[in-house]
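Report on the structure given below.
The values are calculated or read from the model by the stated rules, or taken from the named source; none is laboratory data. Please read these numbers as outputs of a predicted model, since none were measured by experiment. In case anyone asks, the SASA skips ligands and DNA or RNA and just uses the protein heavy atoms, side chains included. Shrake-Rupley method; radii C 1.70, N 1.55, O 1.52, S 1.80 Å.
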Amino acid sequence: MRDRVMEKLGMGPEELLKENPRLIYSCLTGYGLSGAKAAGHDINYLVMSGLLSMLGRSHEKPYAPLNLVADFAGGGLTCAFRVVLALLERTKLCRGQVIDASMVRTRSA
């Protein structure tokens, strides 16, 4: 895992989970914590995930939508759903976890 802003401030998942083992720590990035070291924008995430080719009419070139598909649906909604699942799991296991949500990868880390 690469150092991010929270880690540089001494508030990474390892430090905070030591203080509160029931904490749910969520990281939302473009390529995941173990993914590419590149800056990205909504259009990059759409291309890499294969969604851009599905947008538009079949006889026209694909068009880029507003920042709704990758940023909000691919990243934010997936992250929020995983937080809800982590909350449910915490009620049974009494421990938190680190969520690595990505706008390109949708599988669990």
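The set of residues in the stretch 1-46 being open to solvent by less than 40 Å² (accessible area, probe 1.4 Å), modelled with pLDDT under 75 and not aliphatic (A, V, I, L, M) consists of 30, 31, 32, 35, 40, 42, 45. Across the stretch 47-69, the qualifying residues are those that are open to solvent by less than 50 Å² (accessible area, probe 1.4 Å) and assigned to a loop (DSSP other than H, G, I, E, B), and the one among them that is modelled with the lowest pLDDT is 65.
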